[in-house]
Amino acid sequence: MTRDTQVTEANLRLFCLKTQIAFVRNVSGPPFPAALRNRARQILGEQIAGDLRTLLGAQDVTNDDDLAAYGAAYHGLTPREERRVGYRLLRVDRTPLGTPVWCELMGANHCTFSVCDTSLDFEARTEALRLLVDGLAKPLRFVYDRRLGYVTAQPALMGTGFRIRSWMHLAGLSHFGYLTELCNAAEAMRALAEPYRPEDAPPGNLMILFNRFSMDARAQTLAGHFKAFLMRVAEQETEARWRLLHDEPFVFVDILKRAKAILKNASLISADEALDLLSDLRLGLTCGAATLRKADPLAPHWFDDATDAAFYPRQGRALRRTVSLPHDVATFRPWRNDALRAQWLRPLAAFAIDRDLIERADSQ
């Protein structure tokens, strides 16, 4: 690995919060889930769940309420409100990947196998998950066509059934209004970006990038191409952050001062506002424009925990035992969560702004 590659991957690690690698499969015989009646969906889901418990030692966690609440935020799983009749969720803990593999049944396809974590070793992890899933091909009778590959309900996933997507913090590109160009570049590189209409920056300046096709190469190769694209994005994000730091110190200081004031004084902070504050602070920390000793908001879970779906089960419930709230606030869930979220974020207000940046801002 060259020095330039090492620097690029180090930068990518700062911007890429997590990546989900997934394979979708369908069993021969039944139609796709969308064409099944509710009872048939339930029967087939229970049948496959039983097979996975036997073959992989999977644990059925469908009825875990907390996991249903924050599974989408933390693990890229189907949100609770999108789960249809017959949906089953299983977790496999003992895997070669060293992290749980999730098995979702009766979504768009009969089976979706996924892993979601912070690793950047996309090719090796893709191959490890593929081997695990391919080991189920005969006992579960996955549909396979010699010409098309694995048959899926989603045309873009025909072939390998492979989907890889990464959550990226792109505060620099967002600041300079380059998210539309990012979406265009993604399409040129056989990828896609969410949100699709980035005229307004998304909360927290978080973009999800994912592969557009899965048929024209082996999954491991597609994962390598996707990582190469993310490295190019990381290069551009790095350039944008340095441009902000060196060319706009007055603006940068203003961003950090506003974040500090809100974190220190706000009584209510919504999920979207929390994501924006975390984005500003993370931007400052990664550029050396700010320092913070007593907390580590660079850990990716801060963004996940700030969301409405994840906040209360992951952080708010414990805070509720120690934080005293007025009666009307404590009994009205939206106010309660926003008030607890403000308390949770309060320690982050202790960050310090770099003195050299302040001096350059004053003399700009």
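For the structure I just gave you, tell me whether residue 129 is open to solvent by less than 10 Å² (accessible area, probe 1.4 Å) and either free of Cβ contacts under 8 Å to residues at least 12 places away in the same chain or over 20 Å from residue 210 (Cα atoms) (or both). Lay out the reasoning, then the answer.
Values: open to solvent by less than 10 Å² (accessible area, probe 1.4 Å): yes; either free of Cβ contacts under 8 Å to residues at least 12 places away in the same chain or over 20 Å from residue 210 (Cα atoms) (or both): no.
No: the conditions fail for residue 129.
Residue 237 passes all but one of (1) of a type outside the set (A, V, I, L, M); (2) open to solvent by 80 Å² or more (accessible area, probe 1.4 Å); (3) part of a helix (DSSP H, G or I); which number fails?
Among (1) of a type outside the set (A, V, I, L, M); (2) open to solvent by 80 Å² or more (accessible area, probe 1.4 Å); (3) part of a helix (DSSP H, G or I), residue 237 violates only (2).
Can you tell me which residues in the range 106-130 are more than 23 Å from residue 143 (Cβ to Cβ), hydrophobic (A, V, I, L, M, F, W, C) and within 18 Å of the chain's Cα centre (by Cα)?
116, 120, 122
Could you list, in sequence order, the residues of the range 322-361 that are among the charged types (D, E, K, R) and in contact (Cβ under 8 Å) with a residue 24 or more places away in the chain?
Listed by number, the residues that qualify are 338, 341, 346, 354, 360.
Tell me, which residue of the range 82-111 that is open to solvent by 30 Å² or more (accessible area, probe 1.4 Å) and not in a loop (DSSP other than H, G, I, E, B) is nearest to residue 42 (Cα to Cα)?
88
Can you name every one of the strands (runs of 3 or more DSSP E) wholly within the range 138-221 that holds 3 or more residues which are open to solvent by less than 50 Å² (accessible area, probe 1.4 Å) and over 23 Å from residue 120 (Cα atoms)? I'd like the intermediate steps shown before the answer.
Values: elements: 162-169, 191-194, 206-211.
Strands (runs of 3 or more DSSP E) meeting the threshold: none at all.
Could you check, for the range 220-234, whether at least one of its residues is of a type in the set (Val, Ile, Thr) and closer than 30 Å to residue 354 by Cα?
In the first step, residues of the range 220-234 are kept if they are of a type in the set (Val, Ile, Thr); the result is 221, 233.
Subset that is closer than 30 Å to residue 354 by Cα: 233.
Within the range 220-234, one or more residues are of a type in the set (Val, Ile, Thr) and closer than 30 Å to residue 354 by Cα.
In this structure, does residue 228 turn out to be open to solvent by less than 10 Å² (accessible area, probe 1.4 Å) and either closer than 20 Å to residue 169 by Cα or of a type outside the set (Phe, Trp, Tyr) (or both)?
Working: open to solvent by less than 10 Å² (accessible area, probe 1.4 Å): no; either closer than 20 Å to residue 169 by Cα or of a type outside the set (Phe, Trp, Tyr) (or both): yes.
Answer is no for this residue.
Are any residues in the range 249-283 within 16 Å of residue 353 (Cα to Cα), charged (D, E, K, R) and crowded, with 17+ Cβ neighbours inside 10 Å, and if so, which ones? Quick ask: steps written out before the conclusion?
Kept after step one, since they are within 16 Å of residue 353 (Cα to Cα), are these residues of the range 249-283: 249-264, 277-283.
Subset that is charged (D, E, K, R): 254, 257-258, 260, 264, 280, 282.
Residues satisfying the conditions are 260, 280, 282.
Checking the conditions here, which among 95, 118, 152 is on the phi < 0 side of the Ramachandran plot, among the hydroxyl-bearing types (Ser, Thr, Tyr) and out of contact with any Lys or Arg (no Cβ under 9 Å at 6 or more places or on another chain)?
Values: 118 fails: out of contact with any Lys or Arg (no Cβ under 9 Å at 6 or more places or on another chain); 152 fails: out of contact with any Lys or Arg (no Cβ under 9 Å at 6 or more places or on another chain).
Being on the phi < 0 side of the Ramachandran plot, among the hydroxyl-bearing types (Ser, Thr, Tyr) and out of contact with any Lys or Arg (no Cβ under 9 Å at 6 or more places or on another chain) holds for just one of 95, 118, 152, which is 95.
The values are calculated or read from the model by the stated rules, or taken from the named source; none is laboratory data. Computed from a prediction, not measured in an experiment: that's the story for all the values here. In this analysis, Cβ positions are derived from the backbone assuming ideal geometry, glycine residues included, and neighbour counts consider all displayed protein chains. What goes into the accessible areas is simple: the full protein's heavy atoms, side chains included, and nothing from ligands, DNA or RNA. Shrake-Rupley method; radii C 1.70, N 1.55, O 1.52, S 1.80 Å.
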